[in-house]
Amino acid sequence: MMRDTRKVNTYGFMAYPALPPLFGTNSPGPVGGLSSTTRQTLSNGMVVLVLNNPSSPTVSLCGAVGVGAIHETADRSGLADFTASALIRGTRSRTYQQMITETEARGCSIGADAGNHLSGFYGKALSEDLPLMLEILADMLVHPTFPEPEMEKLRNQMLIDLREYEEDTGMRTTRALRSLLYPPDHPYSRLSFGTIETIQNISRDDMIAFHQHYHPAATSIAIVGDVQPEAVVETLERIFGDWNPPETSLTRTLPDVPPLSGVQRCNMTIPGKVQSDMVMGVHGITRTDPDYYAFLLGNLILGQLGLFGRLGESVREKQGLAYHVSSSLQAGLGAGPWVATAGVNPASVEQAIQAILHEIERFKREGPTSEELSDARAYLTGSMVLVLESNAGLVSTLLDLEIYGLGLDFIERFPDIINRVSREEIIAVARTYLSTEDYVVAVAGPPSSSATCAA
């Protein structure tokens with residue numbers, strides 16, 4: 001319930017994978033590809049992207065409002081997510097049960113959640129039921145009432161999840177990683193869905209006040225399906241046209257993040273566990289950073305491609321030091337971290353850490369082989385075409401293009417962008433960011449004498 005796993009990864013950073021190439025000439029999908037998308041701005045400033053996909057009788061919708069966890073205070077951590085999740089719990093014209101009954105009777109699905117920078121909403125329906133889905137979503141976004149009984153039910157559900165997270169080694173290491181990588185006043189130093197204490201302290205008045213930051217001029221919505229774009233734009237103008245709240249400031253400058261100095265470590269004990277989870281991290285980059293594509297390819301080769309890249313081949317397959325090991329680049333609207341994660345036997349934690357550091361150093365020294373680089377390019381420009389074979393994948397991709405200002409022709413340009421990245425650029429990025437001297441590491445697992453923090 002708490003996480004929309006299509007959009008938000010476990011680190012709380014919006015996860016936008018590399019985009020696939022343009023449709024093949026014999027592929028199903030919208031005629032003309034994404035470049036045929038209709039993009040318009042409504043009278044109230046809301047950006048609309050509509051793509052006709054006649055090969056599907058359904059329609060998918062995905063949208064985002066430019067307000068999220070970065071606009072919370074630390075003592076109200078989780079407020080953005082709580083507010084977004086509560087939108088469906090009641091409006092001026094519909095109760096929660098009425099919305100559920102209306103949507104389920106038509107086979108529709110709708111929902112909302114929030115991450116660090118954005119609050120998202122989404123839906124799926126038969127094309128003929130798009131007007132109903134839009135009316136309900138507009139009711140949620142513009143006229144939520146946050147009824148107290150429903151807020152308490154939602155709060156209890158969130159608290160159940162958070163208590164389960166306390167026993168989750170992966171979640172505990174993620175939270176510790178954040179607190180080590182970022183200063184306390186930085187919103188990235190905490191998880192975007194809050195803590196038991198902060199969720200308990202959030203009031204209905206807090207949610208009402210936070211919802212005032214929702215504004216059409218900070219909202220984008222993408223719609224894909226068997227629809228006529230002009231008619232959809234007219235419907236959106238009619239349904240959302242009266243959403244004109246007073247102007248509110250949504251900007252926030254993120255605090256500076258001091259460079260890491262030395263190794264910072266947190267060891268945590270969780271009774272009843274037999275496996276340890278480890279996460280190692282350094283500061284990364286934004287999605288729009290010029291180094292992004294070289295970093296993307298390097299990370300793919302180091303910790304994802306095939307059986308999780310070089311890390312998987314060396315640390316897991318050859319040395320048998322981990323049950324699983326991989327890496328990820330958490331690049332979004334803000335500069336998220338690069339992290340390596342592993343599940344290991346508690347007796348092998350130190351060996352696994354050293355093995356990961358060794359592979360990072362080797363990659364920085366040698367860089368990728370010609371074969372690795374060729375495989376990574378082929379993967380990014382070919383295998384992910386599956387994303388664009390569904391309305392859900394198409395609509396998510398369209399929204400990503402809008403959020404990052406990449407342009408509707410990005411898909412056509414993407415193969416050339418990837419193919420232009422050189423081996424030398426990948427080595428330079430690895431040497432710049434992947435320090436083996438200045439990094440943070442968090443470990444959670446069975447009781448031991450090495451516990452050093454209680455994050």
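The values are calculated or read from the model by the stated rules, or taken from the named source; none is laboratory data. Given the structure is predicted, the values throughout are model-derived calculations rather than measurements. Here Cβ is always computed from backbone atoms with ideal geometry, including for glycine, and neighbour counts include all displayed protein chains.
Looking only at the stretch 413-438, which residues are touching a Phe, Trp or Tyr at 6+ places or on another chain (Cβ under 9 Å) and not β-branched (Val, Ile, Thr)? Arg420, Glu425, Ala430, Tyr433, Leu434, listed by residue number.
In the set (1) hydroxyl-bearing (Ser, Thr, Tyr); (2) crowded, with 20+ Cβ neighbours inside 10 Å; (3) in the same structural domain as Glu437 (by TED's automatic domain parsing), the condition left unmet by Thr286 is number (2). When restricted to residues that are among the aliphatic types (A, V, I, L, M) and either outside any helix (DSSP H, G or I) or under 17 Å from the mean Cα position of the chain (by Cα) (or both), the stretch 295-345 contains 12.
When the test is whether a residue is acidic (Asp, Glu) and farther than 24 Å from Leu118 by Cα, Glu237 does not pass it. Filtering the stretch 189-234 to residues that are crowded, with 17+ Cβ neighbours inside 10 Å, in contact with a Pro (Cβ under 8 Å, 6 or more places away or on another chain) and polar (S, T, N, Q) leaves only Ser189.
Tally up the residues in the stretch 99-128 that are over 24 Å from Gly68 (Cα atoms) and not β-branched (Val, Ile, Thr), please. Spell out how you get there, then give the answer.
We begin by selecting, within the stretch 99-128, every residue over 24 Å from Gly68 (Cα atoms); these are 99-108, 125-128.
Narrowing further to those that are not β-branched (Val, Ile, Thr): 99, 102, 104-108, 125-128.
Total satisfying the criteria: 11.
Residues in the stretch 98-117 that are of a type in the set (Gly, Ala, Ser) and in contact (Cβ under 8 Å) with a residue 60 or more places away in the chain were compared, and the one that is nearest to Ile136 (Cα to Cα) is Gly111. In the stretch 300-343, the qualifying residues are those that are in contact (Cβ under 8 Å) with a residue 40 or more places away in the chain and of a type in the set (S, T, N, Q), and the one that is surrounded by the most Cβ atoms within 10 Å (Cβ to Cβ) is Thr341. Pairs under 6 Å by beta carbon, first residue polar (S, T, N, Q) in the stretch 435-449, partner modelled with pLDDT of 95 or more, six or more apart or different chains? Once the first residue is polar (S, T, N, Q) and sits in the stretch 435-449, its partners that are modelled with pLDDT of 95 or more give Ser435/Val282; Thr436/Leu357; Thr436/Ile360; Thr436/Glu361. I'd like the residue in the stretch 155-198 that is more than 21 Å from the chain's Cα centre (by Cα) and among the aliphatic types (A, V, I, L, M) and, out of all such residues, is nearest to Leu87 (Cα to Cα). Per the stated criteria, the residue is Leu159.
Residue check: is Thr174 under 27 Å from Ser189 (Cα atoms), buried (at least 22 other Cβ atoms within 10 Å of the Cβ) and of a type in the set (S, T, N, Q)? Lay out the reasoning, then the answer.
Details: under 27 Å from Ser189 (Cα atoms): yes; buried (at least 22 other Cβ atoms within 10 Å of the Cβ): yes; of a type in the set (S, T, N, Q): yes.
Yes, satisfied.
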